[in-house]
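Below is one structure, written out as structure tokens; comments come after it.
A short reminder: the numbers here are calculations on the coordinates, not readings from a lab. What you see is a predicted model, and the numbers here were worked out from it, not measured in a lab. Here the Cβ positions follow ideal geometry from the backbone for every residue, glycine too, while neighbour counts run over all protein chains shown.
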Amino acid sequence: MPETTLRVGGYAPPDSSHSSALAVFADAVERLTEGRIAVDVMGNVLDLGRPAVALLDMVETGELDLCYFSTSYLGKQVPELNVLETPFLFDGLDQAHAALDGDLGAALTVASEAATPYAVLGYWDNGFRHFTNRLREVRVPGDVAGMTVRLQPNELHEAMIEAWGGVPVPVELSRGIKMIQDGEVDAQENPLANTVAYGVNDVHSYATMTAHLYGARGIYAHPGSLSALAVDDQEVVRRAVAEAIAHQRGAAADKELEYRTLMTGQGVAFVDLSTDERGRFIEAVSDVVERARATFGTHLYDLVPSGT
């Protein structure tokens with residue numbers, strides 16, 4: 001019989017890279033402790049009829065010991081995290097991962113732990129966000145003009161869509177999915193994994209591979225749960241998180257290719273932007289980026305390693 005059980009949770013379907021990473025974490029903890037610590041996985045809080053944001057409350061109260069969650073939702077509590085919400089911050093996944101595993105990630109962890117009730121154990125990714133809609137092909141910012149766009153609640157995201165001429169509709173995930181499905185909004189921006197997981201591919205006919213934002217998901221733990229463990233077991237948890245991060249990042253990259261193939265087969269029309277076309281999206285948000293740098297501090301942006 002295990003001596004201790006850790007409870008972990010997420011908000012993604014069973015076949016997602018996030019759910020499989022929770023399974024990797026659970027297996028690693030149980031393997032490294034030879035069964036002394038068991039892990040109870042709640043894969044998708046949405047299946048319980050609760051909103052995704054309930055996970056953070058559950059970790060804060062100790063109902064859960066650990067969860068992953070989009071850093072975007074903590075931007076008001078931890079202003080430094082909004083650096084990650086800056087449009088076109090990273091050139092690719094290698095650069096993003098180097099930043100999160102390096103000095104930038106360390107600085108964001110310090111800031112997050114000072115401003116929230118969570119211990120931050122690392123970051124995995126939700127890939128690059130792309131633009132999908134039900135109305136028309138989008139190749140330049142002008143094509144977005146007048147579209148209503150569901151967003152995560154984040155001021156930088158809203159400013160970006162406004163700069164492209166769209167109308168931002170920032171709402172929580174559960175409500176956002178319903179609005180998209182019901183046609184109450186015209187568009188959304190998400191990694192392909194989320195687009196498929198939330199059924200957006202069934203109602204949107206156009207996808208533009210803008211890669212305009214990188215989605216980071218922090219791994220948040222209840223500090224009391226960690227401190228209650230022996231020091232060696234705390235290290236086991238961190239080793240297991242590292243295994244889960246490595247797995248999730250690789251699986252997420254593979255999944256994007258899989259989801260694109262699936263969506264193409266469903267008749268979704270993909271637009272791969274030329275360098276010039278993507279440059280027009282970047283130029284349109286240049287003022288947004290400059291305001292972000294002035295607001296959140298150039299010192300944090302200086303921690304982003306050079307792209308490859």
Net charge near Ser17 (other residues with Cβ under 12 Å of its Cβ; Lys, Arg +1; Asp, Glu -1) is -2
Treat every Asp and Glu Cβ in the chain as -1 and every Lys and Arg Cβ as +1, leave all other atoms uncharged, and give the resulting dipole magnitude about the Cα centre to the nearest 20 debye.
420 debye
Using the Karplus curve 6.51 cos²θ - 1.76 cosθ + 1.60 with θ = phi - 60°, work out ³J(HN,Hα) for each residue of region 29-34 in order, rounded to whole Hz, and write x for Gly and Pro.
4, 5, 5, 6, 9, 6
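Under a Cβ-Cβ cut-off of 10 Å, what is the net charge of the residues other than Met147 that fall near it, where Lys and Arg count +1 and Asp and Glu count -1?
Values: positive: Arg134, Arg136; negative: Asp143, Asp186.
Summing Lys and Arg as +1 and Asp and Glu as -1 gives 0.
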Along the dipole axis of region 216-308 (charges at Cβ: +1 for Lys and Arg, -1 for Asp and Glu; origin at the Cα centre), the most positive-end residue among Ser225, Ala294, Ala252 is Ser225
Report the relative contact order of the chain, percent, no decimals, based on alpha-carbon pairs under 8 angstrom and at least 6 residues apart.
27 percent
Proxy reagent accessibility, fewest Cβ within 10 Å first, across Leu300, Leu262, Leu66:
Leu262, Leu300, Leu66
What is the fewest-to-most order of Ser286, Ser16 by other Cβ atoms lying within 10 Å of their Cβ?
Ser286, Ser16
Kirkwood-based Rg to Rh ratio, the chain, C-alpha trace:
0.97
Quick one: net charge around Thr4, please, counting Lys, Arg +1 and Asp, Glu -1 for every other residue with C-beta under 9 Å from its C-beta.
-1
